[in-house]
Amino acid sequence: MSVNNLRNVLDDVAGGSAGAKSRAWIDWLNRRSGFVLCVSGLLSLLSLWVFAQHGSLASDLDRLIDPPASLTWFQDNEAYKAAFPQFQQTAVLVVRGDDYQRVQDYTRGLAQRLPKEFVSDVFAPGVDTFIASKKPFFLDLDQLERWLQGANYNQGSLLRLLDEASVANMLFTYADFISANPGQVLPISLQSIVDSLPQAQLNFSGYYPLQPDGAEFIELIIGTGLQQLSAALPNAAIVEALQVTVAGFPPPAGVRVALTGEVALAHEEISAALGGVELAGMLSLVLLAVILHLGIRSGRIVVAIALMLAMGISMTLGFATLAVGALNTLSMIFIVLFFGLGVDFAAHFTLRARANLVQHSAPDVAEQSNTSMAAALSQALRDTGPALVLCTLTSAASFLAFLPTAYRGFAELGIISAGGIVIALLLTLTVIPALLLRWPAMVHGTESGSGADRSLTSPFVGLRQSLNQLPSKGVVAGFAALTLAALFSAKDLRFDYSVLAMRDAQAPAMQALLELQQDRQTTDYSVHVLAADAQAAAELKQQLLQLPTVGAVTTPADFVPANQGSKAVAMAEQLTLLDELRPPPASQHDGELTQLALEYLREVTELLQGSTRQQAEAVFLAAEELLQDQAATAIFEQQLAQQMAQVLTEFRALLAAQPFGLEHVPTQFRQRLVTADGQHLLSVNPARALNDRDATDAFIAEVVSVAPNAAGRSVVEWGIGEVVVDSFQQATTTAFAAIFVLLLLYFRGWKLPLLVLMPIATTVVLTFGLCVLLGISLNMANILMVPLILGLGVDTGIHIVHRYRQAQGHQQANGERQSVDAALRRAVLISGLTTIGTFCSLSLSPHQGTASIGLLLTIAIGLLLLISLILLPILLHWFAPKNSV
């Protein structure tokens with residue numbers, strides 16, 4: 001497009017030099033205002049229906065980036081995902097407690113209850129049947145020796161108890177033991193029975209539990225979440241189903257359960273982002289109402305802007321659904337962006353119309369309000385039309401700059417925002433005039449330009465006058481010094497690619513993940529490496545363990561215990577001792593014998609002292625209470641016979657377990673360790689939690705130095721960081737170039753385009769400098785600040801420069817500096833304060849990435865306002881071409 005063609009298009013929108021087309025457009029709207037409003041309303045409702053029926057929120061964070069397939073880390077990660085698809089879209093339940101047996105029992109029960117329609121391929125390695133049958137081999141030699149010593153200690157009592165499954169036999173055995181061994185710990189078989197007496201519900205243990213050392217025990221239940229792709233939140237049903245399952249099967253005392261994994265983390269992130277946008281939307285509405293009321297002081301104009309915003313957001317939601325399908329954690333902030341863009345367009349157009357109305361309204365406003373409003377709107381369209389169209393083109397170019405990059409999340413935001421700004425322009429030039437023509441804003445003659453302006457700016461009138469009296473050179477020198485200082489500081493600005501750093505560390509799934517990392521457990525953020533075979537895996541493990549940042553490394557060989565031969569021999573010796581043990585014979589309850597046993601226990605108790613006597617008295621009272629209920633006694637003795645026989649069988653099976661190799665491991669287990677072609681999977685866990693860039697950088701860099709084919713989410717984020725920076729640089733360069741070209745074509749020279757872009761460049765430098773000063777890092781989300789500042793900030797510069805050119809000569813006869821006129825200043829303030837308010841609201845989001853976008857843009861827009869209203873008029877006076885209209 002040539003310079004003249006572009007300028008002609010913009011002039012056509014404004015109505016040309018004579019303004020015939022603008023008058024014709026306003027006249028057409030005046031005649032068909034009802035039709036325009038009805039069609040706009042129907043389109044808004046239709047758009048909302050499209051979004052409600054077909055819109056969704058994408059919780060798959062992998063969609064945010066589309067890296068080039070040529071990247072080595074990307075290829076390695078794709079190979080890992082293809083080899084182990086069961087490790088994708090994981091839902092992980094973490095069971096913790098200080099009682100090993102309770103943790104085991106609860107984990108086993110919970111795994112059996114997980115809803116198969118939401119979670120598939122459920123795997124609980126710690127309670128797996130195969131692992132449970134081989135548990136003695138998973139003890140080290142010292143632990144096994146202690147366990148077998150416990151079996152020997154329990155042998156005598158177990159032998160006595162197996163003589164007869166009766167309360168009488170139990171009481172005689174207990175009394176004999178405490179009489180012969182006062183103060184000693186009861187063998188596990190006796191202890192389990194006496195502990196069960198008060199509840200009259202037996203839980204018999206014939207051998208000591210096989211448990212690892214430690215004060216806390218952890219078991220994991222891992223499954224693959226089955227996303228509900230038709231739902232707005234695809235992971236919500238999975239998370240809710242798991243939470244309902246846990247609520248219906250609550251953990252016992254001393255045991256707690258937490259949900260984490262990719263499914264829960266992604267759901268928390270998308271929920272936090274959605275909640276942040278909802279909060280920002282509600283707060284923005286309040287701030288918008290206050291700012292518009294104070295700034296415009298016309299209820300009908302405020303209502304017109306509010307209706308335009310409501311229609312615009314509705315239409316943009318429908319457009320987003322058709323253009324990109326699902327919103328992601330980044331693209332949903334377009335709602336906040338639309339408030340800023342929509343108010344910017346509406347404020348400049350309506351305030352210019354209001355200023356025209358004040359100047360030309362007839363004394364009898366009630367009779368001529370429609371005619372006066374039509375004339376005011378026609379003049380406003382001539383005055384602001386070219387600037388609004390140019391703002392649309394430049395902002396859309398800035399938003400679309402991410403489209404050719406690999407950052408898909410921002411590309412989708414750019415598409416939606418570009419469509420939204422076109423919608424905002426169309427509604428500004430159709431719905432707002434139609435509303436104001438149908439219900440004209442009543443402006444009385446007493447409302448002079450200064451009086452109207454005073455509604456918002458009166459607190460700043462004195463300050464504005466003072467600023468206008470400041471020496472121009474001093475103002476420019478001050479900004480130049482600040483910019484240079486900020487530019488020097490900006491060299492230390494950091495980019496943190498860690499996705500974990502953007503998440504709420506207090507969220508349940510995030511807390512569970514960090515705890516697992518601290519315990520050096522394998523998580524979604526462990527690094528995974530494929531080795532050619534077992535030998536290569538063993539060699540690689542030894543190299544990795546030498547790295548300071550590596551806390552633990554597991555290989556398939558680690559699931560095959562060492563020294564199995566020696567352990568089998570020791571277990572066989574204990575098994576020989578069990579040969580003499582037989583399940584208790586069936587017997588009838590002997591009440592007389594039981595009373596004799598109870599009396600015998602009383603006599604023994606009277607001979608004891610201290611804590612042993614107190615414990616014996618408690619056992620006596622519990623047994624006495626049980627025997628008073630014949631039915632409960634019969635059930636207890638029946639349980640005793642059944643459970644002793646069952647436990648004896650289990651004990652024999654454990655001691656008779658045979659050594660095994662990796663080839664004996666069940667398929668469900670083995671396919672999580674070794675690929676079909678024999679590659680072995682190594683899981684590398686960090687020595688500290690990876691919740692910041694420094695920790696992740698050091699960990700990944702060291703692992704990759706030893707294992708270049710490292711894969712996993714941590715490696716992906718590490719690699720994506722470079723892709724994001726490249727995308728940012730490409731998008732920023734593209735946006736600046738596209739905007740500069742559009743400004744060159746319109747302004748027909750290079751000075752005014754540079755002056756339009758100067759506030760943006762200064763704002764970016766000052767914002768970066770403040771980031772360093774405040775300790776704020778750029779991250780995967782807030783790095784879009786520069787393209788957004790370009791899209792939002794260029795509008796202010798265009799309006800100021802455009803108005804300057806229109807008014808050039810009127811206030812420069814005496815060579816004094818031309819200030820920004822009242823209506824424009826007020827529009828810039830309203831637009832800027834509204835945008836600041838919306839992004840300030842966004843900074844309260846629980847999603848740290850979204851909050852950081854809000855914080856940086858709040859700072860940046862505030863700086864942009866100051867620069868545009870103070871510095872830009874000075875530079876225009878100095879450098880703008882004279883008579884360049």
**OP:** With an 8 Å cut-off on Cα pairs and a minimum separation of 6 or more residues, tell me the relative contact order of the range 48-175 in percent.
**Re:** 10 percent
Original post:
Which whole-number percent is the relative contact order of the chain (Cα, under 8 Å, 6+ apart)?
Top reply: 23 percent
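Give me Rg/Rg_expected for the range 698-841, where Rg uses Cα atoms only and Rg_expected = 2.2 N^0.38 Å with N residues.
Working: Rg = 21.1 Å, N = 144, 2.2 N^0.38 = 14.5 Å.
That ratio works out to 1.45.
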**OP:** Taking the chain as the reference, fit the longest principal axis to its C-alpha atoms, fit the long axis of helix 33-54 to the helix C-alpha atoms, and give the angle between the two in degrees, 0 to 90, nearest 10.
**Re:** 20 degrees
Subject >> Kirkwood Rh and Cα Rg combined as Rg over Rh, evaluated for the range 129-271 >> reply: 1.16
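Skip the ligands, DNA and RNA, and give the accessible area per residue of the chain with a 1.4 Å probe, whole Å². It would help to have the intermediate numbers written out before the result.
Values: 36670 Å² over 885 residues.
Solvent-accessible surface per residue comes out at 41 Å².
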Original post:
Over the Cα atoms of the range 218-276, what Rg and Dmax result, in angstrom?
Top reply: 12.8, 39
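Set the bar at 29 Å for Cα to Cα. Now go through Lys116/Lys567; Lys81/Lys491; Lys116/Lys541; Lys81/Lys135; Lys81/Lys567; Lys473/Lys751 and name every pair that lies beyond it.
Working: Lys116/Lys567 39 Å; Lys81/Lys491 38 Å; Lys116/Lys541 36 Å; Lys81/Lys135 31 Å; Lys81/Lys567 37 Å; Lys473/Lys751 19 Å.
From Lys116/Lys567; Lys81/Lys491; Lys116/Lys541; Lys81/Lys135; Lys81/Lys567; Lys473/Lys751, over 29 Å: Lys116/Lys567; Lys81/Lys491; Lys116/Lys541; Lys81/Lys135; Lys81/Lys567.
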Original post:
How big is the range 28-88 by the Kirkwood estimate over distinct Cα pairs, in Å?
Top reply: 16.3 Å
Subject >> Relative contact order [Cα under 8 Å, 6+ residues apart], the range 466-557, whole percent >> reply: 13 percent
Original post:
At what distance in nm do the modelled label points of Ala200 and Asn370 sit from each other, each positioned 7 Å from its Cα along Cα→Cβ?
Top reply: 9.1 nm
Subject >> Rounded Å value of the spacing that divides the Cα centres of the range 577-594 and the range 475-552 >> reply: 62 Å
Original post:
For the range 106-207, rounded, prolate or oblate, judged on the Cα gyration tensor with a ≥ b ≥ c (square roots of eigenvalues), a/c < 1.5 rounded, else prolate if a/b > b/c?
Top reply: oblate
Original post:
What value, in deg cm²/dmol to 500, does the helix sum -39500 (n - 2.57) over DSSP H runs of n ≥ 4 give at 222 nm once divided by the residues of the chain?
Top reply: -22000 deg cm²/dmol
Subject >> Selection from His293, Gln642, Ile65, by position along the positive dipole direction of the chain (Cβ) >> reply: His293
Subject >> Helix 508-518 vs. the chain, principal-axis angle (Cα, 0 to 90°, nearest 10) >> reply: 60 degrees
Original post:
Out of Asn779, Ile836, Phe747, whose Cα points farthest toward the positive end of the dipole of the range 709-856 (charges: +1 Lys, Arg; -1 Asp, Glu; placed on Cβ)?
Top reply: Phe747
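Taking the chain, how much of its Cα-Cα pair set, in percent, is spaced more than 39 angstrom apart? Mind showing how you got there, number by number?
Values: 216379 of 391170 pairs.
Cα-Cα pairs in the chain separated by more than 39 Å: 55 percent.
Could you please state how large a percent of the accessible area of the chain is carbon and sulfur, counting protein chains only and using a 1.4 Å probe?
That fraction is 58 percent.
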Original post:
the range 250-352: D in µm²/s via Stokes-Einstein (Kirkwood Rh, Cα pairs, 4 °C, 1.567 mPa s)?
Top reply: 80 µm²/s
**OP:** Evaluate the range 690-754: find the radius of gyration of its Cα atoms, find its Kirkwood radius, and give the ratio Rg to Rh.
**Re:** 1.35
Original post:
What list of ³J(HN,Hα) values in whole Hz, one per residue of the range 761-772 in order, does the Karplus curve 6.51 cos²θ - 1.76 cosθ + 1.60 (θ = phi - 60°) give from phi, with Gly and Pro shown as x?
Top reply: 4, 5, 4, 4, 5, 5, 5, 4, x, 5, 4, 5
Subject >> Share antiparallel - DSSP beta bridges, the chain, percent rounded to 5 >> reply: 90 percent
**OP:** Using +1 at the Cβ of each Lys and Arg and -1 at the Cβ of each Asp and Glu in the chain, identify which of Ala247, Leu487, Asn203 lies farthest towards the dipole's positive end.
**Re:** Leu487
Original post:
Which residues' amide hydrogens lie under 5 Å from the amide hydrogen of Gly551, considering only partners 5 or more residues apart or on another chain, with H built in the peptide plane?
Top reply: Asn685, Ala687
**OP:** May I ask you to evaluate 6.51 cos²θ - 1.76 cosθ + 1.60, the Karplus curve with θ = phi - 60°, for each residue of the range 493-502 and list the ³J(HN,Hα) values in order in whole Hz, giving x for glycine and proline?
**Re:** 5, 9, 10, 10, 7, 5, 5, 4, 5, 8
**OP:** Please determine, in degrees from 0 to 90 and to the nearest 10, the orientation of helix 534-545 with respect to the longest principal axis defined by the Cα atoms of the chain, where the helix direction is its Cα long axis.
**Re:** 70 degrees
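With charges set only on the Cβ (+1 for Lys and Arg, -1 for Asp and Glu), what does the dipole of the chain come to about its Cα centre, in debye to the nearest 20? The partial results should precede the final answer.
Numbers: 50 positive and 71 negative charges, 1275 e Å.
The calculation lands at about 6120 debye.
The values are calculated or read from the model by the stated rules, or taken from the named source; none is laboratory data. Fair warning: this is a prediction, and the values are worked out from it, not measured in the lab. As a convention, Cβ positions derive from the backbone with ideal geometry for all residues, glycine included, and neighbour counts pool all protein chains shown. With ligands, DNA and RNA removed, areas are computed over all heavy atoms of the protein, side chains included. Shrake-Rupley method; radii C 1.70, N 1.55, O 1.52, S 1.80 Å.
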